[in-house]
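Okay, structure first, notes after.
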Amino acid sequence: MAERSDTEADFVVLRCFDGEEFRVPSALARRSEVVTAGVGAGERVVPVPGAVAGRVLAAVIAYWANRDGAAAADAGRYDEEYVAGLSHDMRVDVINAAYHLNERSLLELFA
């Protein structure tokens, strides 16, 4: 069995029910307990449960990436801007995605 390159091992692929796939840095994707469990079990492609569509997962990944890049002092402001920028329907979809991904910090934004 060939060894994985370091760069390949630093990423995980998240697959939505609609077939859309996202290559995400492992450090970001591990915010989800579902992804952490899948990667821990040796999966490099982790199916996203709960009929989460690609457009919704893209919004979740954007949150992860931008929140990770925000300075600690700006994190609260970023959270407010993120939520304010979502339509009502997208908020519901993101809450559903956060629930199925078991991503607590994202769920807490809407609590």
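Here are the numbers for this structure:
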| quantity | calculated |
| --- | --- |
| Given charges at beta-carbon only (K, R positive; D, E negative), |dipole| of the range 11-109 in Debye | 260 |
| Helix axis angle, 54-69 relative to the chain longest principal axis, alpha carbon, degrees | 80 |
| Modelled label reach - Val13, point 7 Å along Cα→Cβ, the range 30-49 residues with backbone N closer than 11 Å | 44-47 |
| ³J(HN,Hα) computed for each position of the range 75-81 - Karplus, 6.51 cos²θ - 1.76 cosθ + 1.60, integer Hz, glycine/proline x | 4, x, 5, 4, 4, 4, 5 |
| The chain: relative contact order as a whole-number percent, Cα under 8 Å and 6+ apart | 27 |
| Folded to 0 to 90 degrees: helix 88-101 orientation relative to the chain principal axis, Cα | 40 |
| Spin-label model distance (nm) - Arg30 vs Ala84, 7 Å beyond Cα toward Cβ | 3.3 |
| Overall dimensions of the chain as given by Cα atoms, namely Rg and Dmax in Å | 14.2, 48 |
| Value at 222 nm in deg cm²/dmol, rounded to 500, when DSSP H runs of n ≥ 4 in the chain each add -39,500 (n - 2.57) | -15500 deg cm²/dmol |
| Theoretical gain in end-to-end length, Ala71 to Phe110 [0.36 nm per residue, Cα-Cα removed] | 11.9 nm |
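We did not get these values from a lab; they are worked out from the coordinates using the rules stated. These numbers come from a predicted model, not from an experiment. Backbone-built Cβ (ideal geometry, glycine too); neighbour counts: all protein chains shown.
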